[in-house]
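Worksheet: one structure, shown below.
Computed from the coordinates by the stated procedures, all read-outs in this text should not be read as laboratory data. What you are looking at is a predicted structure, and each value in this text was computed from that prediction instead of being measured. As a convention, Cβ positions derive from the backbone with ideal geometry for all residues, glycine included, and neighbour counts pool all protein chains shown.
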């Protein structure tokens, strides 16, 4: 496999605490691996609980000053961050394509573009938000919740950071960010941009390290007023347990196993092709991926043919090659996990339509898995119940509309979903019956101003737009 651009590298040896680049308390480092080449991409400091103590103390000192700034000032800062990210968009896109493996064209639009949108849109939300409200003889004022700890994942690394940092800063909170150790380098670009804006020292802090050490230290810390966590449901449970010791607020955005219901009057070709794309985005490493395609049993064979053809167009390869539509998985551990699920699907009797657990032809290194489609998947099967986080689609047949809803809701998760129908009103009626935080109708586009979050074991709380801002606010009543 031949690289099509100069390799991106990054060695970081400092943390960003209290408005300064400082040495970590310990001397350890964490290696960052390029999932395409399996070679070292860079490294970041391995922080410990002492570094969390320093960062939280800095945030506590900054909070009175930052929360005392005007709404207009905070909105201007968010807009300036958006501009700074836009100025470095190409660098960020290449960096995240190297860290995560998303094809460069998509990384430019999504991994680099969405964080700009997150900050710019939050600036507008901040300016237009009703910060005070009169109810009878009470004046309700909305105030920042305090010091926030943010623990973020590797799949959309900078977007997930931005979705927490932008509303936290808008609210007037000070924040400590612990990015995923798998893809942490992009977070340092954001820290550099913020460092140049002259915020009160400690308003934004960046501490890298492992979840069981610095993530847990942040979640349990008595000086932290709120934890916002995005990651696995298992890790979210642990964060909640630790946060409960100090009764701090917790917002969780966790896993998903999202249904995509195609009704019998839908344009099957359009619906299936779109559904395959929604499942395979970012090599399937998307919490809201539409991984369960629920189709009429009478049209299952036709859906299989369409899905197989669509999947085979997702050419795996170097994310910097223009023809690549499917990059690698993020790590060898993730590759083992996804291959294990594919084998489990076969063992439990699912029908393999295309793909499989073998290394894709022509790729002798890198964490690649072939785009895979199963059919005849029952709701009780492991691949229908558990989040795989890879390019694996399950086609699930249904008998009638009631059965489709039953299958769609037969999940511990409830993050997202989709409904396709030739009758939009029919689609909306069915969408209202799906227990999920977002349901797209006939491929409706992602809206960065709409609330994002889940039902059931997909978590609680919402991100993005006005509802995302409100997660970081608390309400005080002044009785007049």
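Only beta bridges with both residues in the stretch 118-177 are counted; by DSSP, about 50 percent of them are antiparallel.
Would you compute, from DSSP H runs of 4+ residues alone, the mean residue ellipticity of the chain at 222 nm, taking -39500 (n - 2.57) per run and dividing by the full residue count, rounded to the nearest 500? Don't jump to the answer; show the numbers that get you there.
On the way: 15 runs with 174 residues, N = 480.
When only DSSP H runs of four or more count, the value is -11000 deg cm²/dmol.
Taking only the C-alpha atoms of the stretch 335-466, Rg followed by Dmax gives 16.7, 49 Å. Extension gain for residue 412-residue 382 works out to 9.6 nm (0.36 nm per residue, less the C-alpha to C-alpha distance). Can you grab the distance from the C-alpha centre of the stretch 17-79 to the C-alpha centre of the stretch 419-447, Å, no decimals? Between the Cα centres of the stretch 17-79 and the stretch 419-447 lies a distance of 39 Å.
Fewest first, what order do 287, 279 take by the number of other Cβ atoms within 10 Å?
Numbers: 287 26, 279 29.
So the ranking, lowest neighbour count to highest, is 287, 279.
Of the two radii for the stretch 27-151, the radius of gyration is 1.08 times the Kirkwood radius, both from the alpha carbons; that is the Rg over Rh value.
Could you tell me how many degrees, from 0 to 90 and to the nearest 10, lie between the Cα long axis of helix 233-244 and the main elongation axis, the longest principal axis, of the Cα atoms of the chain? In the chain, helix 233-244 runs at an angle near 20 degrees to the longest axis.
The fraction of Cα-Cα pairs per 10 angstrom bin, counted from 0 for the stretch 411-463, comes to 26, 51, 22, 1 percent, rounded to whole percents. Global dimensions of the stretch 166-318 from alpha-carbon coordinates: Rg and Dmax equal 21.0, 63 Å.
In summary, the convex hull built on the alpha carbon positions of the stretch 259-448 has an orientation-averaged projected area of 10.3 nm².
Here the stretch 221-282 is treated as a Stokes sphere of Kirkwood radius computed over C-alpha pairs; at 10 °C and 1.306 mPa s its diffusion coefficient rounds to 109 µm²/s.
Which percent, to the nearest 5, of DSSP beta bridges fully inside the stretch 259-448 are antiparallel? Walk me through the numbers on the way to the answer.
Working: 3 of 22 bridges.
The antiparallel proportion sits near 15 percent.
Expressed to the nearest 5 percent, the antiparallel share of DSSP beta bridges inside the chain is 45 percent. The distance linking the stretch 197-227 with the stretch 357-399 is 36 Å (Cα centroid to Cα centroid, whole angstrom). Here the residues 261, 239, ranked from fewest to most Cβ neighbours within 10 Å of their Cβ, fall in the order 239, 261.
For residue 90 and residue 222, the difference between the fully extended length at 0.36 nm per residue and the C-alpha to C-alpha distance is 43.6 nm. Of interest is the spacing of the C-alpha centroids, which for the stretch 93-134 and the stretch 279-296 amounts to 22 Å.
Please express the shape of the stretch 286-398 as an equivalent ellipsoid: the semi-axes are the square roots of 5 times the eigenvalues of the C-alpha gyration tensor, given largest first in whole angstrom.
On the way: eigenvalues 111, 51, 27 Å².
Result for the stretch 286-398: semi-axes of 24, 16, 12 Å.
Annotation: the chain has a Kirkwood hydrodynamic radius of 22.9 angstrom, from the mean reciprocal C-alpha pair distance. Compared with the dominant principal axis of the Cα atoms in the chain, helix 300-312 is inclined by about 60°.
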